[in-house]
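**Q** My structure is below; once you've seen it, I'll send some questions.
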Amino acid sequence: MKIVVAIKQVPARDSQLRIDGTGKWIEEADLAYEVNEPDAYALEAALRLKERYGGEAIALSAGPARAAQILREALAKGADRAIHIEEDMGALDPLAGARLLAAAVRTEAPDLVLTGLQSDDLGYGQTGVILAELLGLAHATIVMQVEVRDGGIRVKRELENGWFRHVEMPLPALLAIQSGFGTLRYATLMGIKKARTKEIRRLTAADLGVAAESPTVTLDRAYVPERGKRAQMIAGGPREAARRLVEKLRFEARVL
Amino acid sequence: MSVLAVLEQRPGPHGRPEWNRMSFETLAAASQIAAELGATASAAVAGRGIETLARELAGRRLRAVYAVEHDLLREYTADGYSAALRQLIERVAPRFVLFPHSYQVRDFLPKLAASMGRVAVSDAVSHRIDRGQVVLVRQLFQGKLYVDVRFAGDAPHFASLQAGAYRADRAEEGQAPVESFVPRLAPGDIRTRPLERFREGARDVGLAAAGIVVSVGRGIREAENIPLVEDLARALGAELAASRPICDAGWLPIARQVGSSGQTVAPKLYVAVGISGAIQHLVGMKESHTVVAINKDPNAPIFEVADYGIVGDLFEVVPELTAAIEKIK
């Protein structure tokens, strides 16, 4: 089975974010980046499926030069090769982003395309489903398990309120993987060594023949929300704060 | 000019369709936006055997209620819903199409919008009207930043609304004609085959009934640090719970997960340790009587729903808190 897994690089989780001079995006200088966590689970799913059914796992990412880092990590964890669409994505809307990814996926004609459920930066949660539409593939989202059966696949989807459902579909297909699909692996020393010999194919939008189209959604401004601070903040060192909190819970809130 | 609210139904206890309650929030938002724009609001619901549901809306102030009916819509599929709603939208030609940001909508709305060359503004939390244009507010970076977005290009414009962003009770009475809409669908249009829905056992660990819940999030960093919050839970006589990432990583069982994909709890005391407060978590605990949050980031959204907050290193604060509670016992 040939699998393409699309992954994204996002600012590290505990980043202190500042708005940039345009007022529309964040100041990117000095930020640390990491793989989008839901995508790390999509990669894990790709590697497990490859181990179980054989074939090839190809990591794909669109982003500036720094995004090569998450592709190298994917190669070290066991992806066979990688494709880097070297373009500045910024706050690009998910349709524009998916058009780039779709053009690259077409060059591979995989059996299965995997994505994470959503990105921790823009959080649209749409790239996978749009990608399926652009590629003309059947899809499923919030996927927790995948099994190959009779030339197609059977997946377990999570629904709301503790319900689940199996869904069958033909291949090729696209699956947006739910976080928690399987425990994430670490790269081994051997894996890191091997990754150095693996290929990262670099492409641009122009190479892929993808021209920018006028966006259907535009971003006015980005800002730090004014917090409706409800919490009574308890100051002091750890011991003092703990003592005062217990006092408040006993005599003010009366819950202890 | 009109605003169309696409509502959601799902199989109820006896297989009969029932509303997803988020639908009424979407309906309220559609009515409100329509009124502000001097436009009319309509509603649509898709499925099979949904006449009764559609008729429940006949007493609302809506221009029309569309019952999108087809045998092939009996079970939800992204292919079926997307094709059927696209046909309705092409016929009704609304300017805005609003959806609840449910799991089901997340599964088909991006496809529907992309098939019409558009991007849906997903998970919007509010709106305002600026010079006759709708501006929607979304959260980025898990709620750390907000953005104002606008639609460019031609209608229809698509958006989905975060759970709880609009109040469902603002319904105006009126009379709405219920129209049946039968989309053209063929079995070959639907590529996925959904099987029976099921629940998984071993969910009950007494979380829902607990008087005190100590809940742990990503701030705990490693599985080896879990005993720190176990000690606190023991001192308080509390049940231990967690946010999604902790259960995803396998550090605590999934049955202890609080949030939109886990349990909903409402204890008299909820202590959130190292939980930033993503909306998915907040919906599972915001009805708690008293909420305490311990987090190193003073801007963490959890402090918006907390009653008492301590900004600090949980590895220092939690042992002190455990000790302070032991002292009063």
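**Q** Can you confirm whether residue A:57 is in contact with a Lys or Arg (Cβ under 7 Å, 6 or more places away or on another chain), farther than 26 Å from residue A:209 by Cα and crowded, with 24+ Cβ neighbours inside 10 Å?
**A** Working: in contact with a Lys or Arg (Cβ under 7 Å, 6 or more places away or on another chain): yes; farther than 26 Å from residue A:209 by Cα: no; crowded, with 24+ Cβ neighbours inside 10 Å: yes.
No; evaluated as a whole, the condition is false for this residue.
**Q** Within the stretch B:41-56, is there a residue that is touching a Ser or Thr at 6+ places or on another chain (Cβ under 7 Å) and either closer than 26 Å to residue B:192 by Cα or modelled with pLDDT of 95 or more (or both)?
**A** First, pick out the residues of the stretch B:41-56 that are touching a Ser or Thr at 6+ places or on another chain (Cβ under 7 Å): B:41-42.
Then drop every residue that is not either closer than 26 Å to residue B:192 by Cα or modelled with pLDDT of 95 or more (or both), which leaves B:41-42.
Checking the stretch B:41-56: at least one residue is touching a Ser or Thr at 6+ places or on another chain (Cβ under 7 Å) and either closer than 26 Å to residue B:192 by Cα or modelled with pLDDT of 95 or more (or both).
**Q** Considering only residues that are under 17 Å from residue A:36 (Cβ atoms) and out of contact with any Gly (no Cβ under 6 Å at 6 or more places or on another chain), look in the stretch A:97-116 and name the one that is farthest from the other protein chains (Cβ to nearest Cβ). Break it down stepwise before answering.
**A** Keep residues of the stretch A:97-116 that are under 17 Å from residue A:36 (Cβ atoms), which gives A:97-98, A:100-101, A:113-116.
Applying the additional criterion that residues be out of contact with any Gly (no Cβ under 6 Å at 6 or more places or on another chain) yields A:97-98, A:100-101, A:113-114, A:116.
Details: A:97: 10, A:98: 7, A:100: 14, A:101: 13, A:113: 14, A:114: 16, A:116: 12 Å.
Per the stated criteria, the residue is A:114.
**Q** Against the condition in the same structural domain as residue B:10 (by TED's automatic domain parsing) and buried (at least 19 other Cβ atoms within 10 Å of the Cβ), how does residue B:207 come out, does it pass?
**A** Working: in the same structural domain as residue B:10 (by TED's automatic domain parsing): no; buried (at least 19 other Cβ atoms within 10 Å of the Cβ): yes.
So residue B:207 fails the test.
**Q** Starting from residues that are at the interface with chain A (Cβ under 10 Å from one of its Cβ atoms) and basic (Lys, Arg), keep the ones in the stretch B:277-329 and report whichever is nearest to residue A:238 (Cα to Cα).
**A** B:296
**Q** Working carefully through the options B:287, B:316, find the one that is surrounded by fewer than 20 Cβ atoms within 10 Å (Cβ to Cβ) and either among the aromatic types (Phe, Trp, Tyr) or modelled with pLDDT under 90 (or both). Walk me through how you get there before you give the answer.
**A** Details: B:316 fails: either among the aromatic types (Phe, Trp, Tyr) or modelled with pLDDT under 90 (or both).
Checking each option against the conditions leaves just B:287.
**Q** Pairs, please: C-beta under 7 Å, at least 6 apart or cross-chain, first residue without any contact (Cβ under 8 Å) to a residue 60 or more places away in the chain and more than 11 Å from residue B:178 (Cα to Cα) and in the stretch B:48-64, second surrounded by 13 or more Cβ atoms within 10 Å (Cβ to Cβ) and of a type in the set (A, V, I, L, M)?
**A** Filtered contacts from the stretch B:48-64: B:48/B:73; B:50/B:67.
Listed here are the residues, each with its yes/no results for (1) over 24 Å from residue A:70 (Cβ atoms); (2) of a type in the set (S, T, N, Q).
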| position | (1), (2) |
| --- | --- |
| A:169 | yes, no |
| A:175 | no, no |
| A:179 | no, yes |
| A:189 | no, no |
| A:194 | no, no |
| A:233 | yes, no |
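**Q** Take the residues in the stretch B:279-300 that are more than 20 Å from residue B:101 (Cα to Cα) and in contact (Cβ under 8 Å) with a residue 24 or more places away in the chain, then tell me which one is farthest from the chain's Cα centre (by Cα).
**A** Step by step, filter the stretch B:279-300, then rank; the result is B:296.
**Q** Which is more than 21 Å from residue A:134 (Cβ to Cβ) and touching a strand residue (DSSP E or B) at 6+ places or on another chain (Cβ under 6 Å), of A:93, A:14, A:39, A:80? Break it down into steps so the answer makes sense when it comes.
**A** Numbers: A:93 fails: more than 21 Å from residue A:134 (Cβ to Cβ); A:14 fails: touching a strand residue (DSSP E or B) at 6+ places or on another chain (Cβ under 6 Å); A:39 fails: more than 21 Å from residue A:134 (Cβ to Cβ).
One residue alone meets the criteria, A:80.
**Q** Look at residue A:142 and say whether it is under 23 Å from residue A:106 (Cα atoms), touching a strand residue (DSSP E or B) at 6+ places or on another chain (Cβ under 8 Å) and not in a loop (DSSP other than H, G, I, E, B). Explain how you work it out, then say what you get.
**A** Details: under 23 Å from residue A:106 (Cα atoms): no; touching a strand residue (DSSP E or B) at 6+ places or on another chain (Cβ under 8 Å): yes; not in a loop (DSSP other than H, G, I, E, B): yes.
No, not satisfied.
**Q** Can you tell me which residues in the stretch A:204-238 are under 27 Å from residue B:147 (Cβ atoms), within 7 Å of chain B (Cβ to nearest Cβ) and not in a strand (DSSP E or B)?
**A** Answer for the stretch A:204-238, where residues must be under 27 Å from residue B:147 (Cβ atoms), within 7 Å of chain B (Cβ to nearest Cβ) and not in a strand (DSSP E or B): A:214, A:215, A:216, A:224, A:225, A:227, A:228, A:229, A:230, A:231.
**Q** Given the condition assigned to a loop (DSSP other than H, G, I, E, B), more than 9 Å from chain A (Cβ to nearest Cβ) and closer than 30 Å to residue B:321 by Cα, answer yes or no: does some residue in the stretch B:177-195 qualify?
**A** Scanning the stretch B:177-195, I find no residue that is assigned to a loop (DSSP other than H, G, I, E, B), more than 9 Å from chain A (Cβ to nearest Cβ) and closer than 30 Å to residue B:321 by Cα, so the answer is no.
**Q** Being without any contact (Cβ under 8 Å) to a residue 60 or more places away in the chain and within 12 Å of chain B (Cβ to nearest Cβ) narrows it down to one of A:156, A:193, so name that one. Give the derivation first.
**A** Working: A:193 fails: within 12 Å of chain B (Cβ to nearest Cβ).
Result of the check over A:156, A:193: A:156.
**Q** Only one of (1) in a loop (DSSP other than H, G, I, E, B); (2) closer than 30 Å to residue B:108 by Cα is not met by residue A:174, so which one is it?
**A** Exception for residue A:174: condition (1).
**Q** Taking residue B:97, is it among the β-branched types (Val, Ile, Thr), buried (at least 23 other Cβ atoms within 10 Å of the Cβ), out of contact with any Lys or Arg (no Cβ under 7 Å at 6 or more places or on another chain) and in a loop (DSSP other than H, G, I, E, B)? Walk me through it before giving the result.
**A** Details: among the β-branched types (Val, Ile, Thr): yes; buried (at least 23 other Cβ atoms within 10 Å of the Cβ): yes; out of contact with any Lys or Arg (no Cβ under 7 Å at 6 or more places or on another chain): yes; in a loop (DSSP other than H, G, I, E, B): no.
Judged against the criteria, residue B:97 is not a match.
**Q** Take the residues in the stretch A:239-256 that are touching a Leu at 6+ places or on another chain (Cβ under 6 Å) and not in a helix (DSSP H, G or I); name whichever of them is farthest from the other protein chains (Cβ to nearest Cβ).
**A** Result: A:256.
The values are calculated or read from the model by the stated rules, or taken from the named source; none is laboratory data. Since this is a predicted model, take the numbers as computed values, not measurements. Here Cβ is always computed from backbone atoms with ideal geometry, including for glycine, and neighbour counts include all displayed protein chains.
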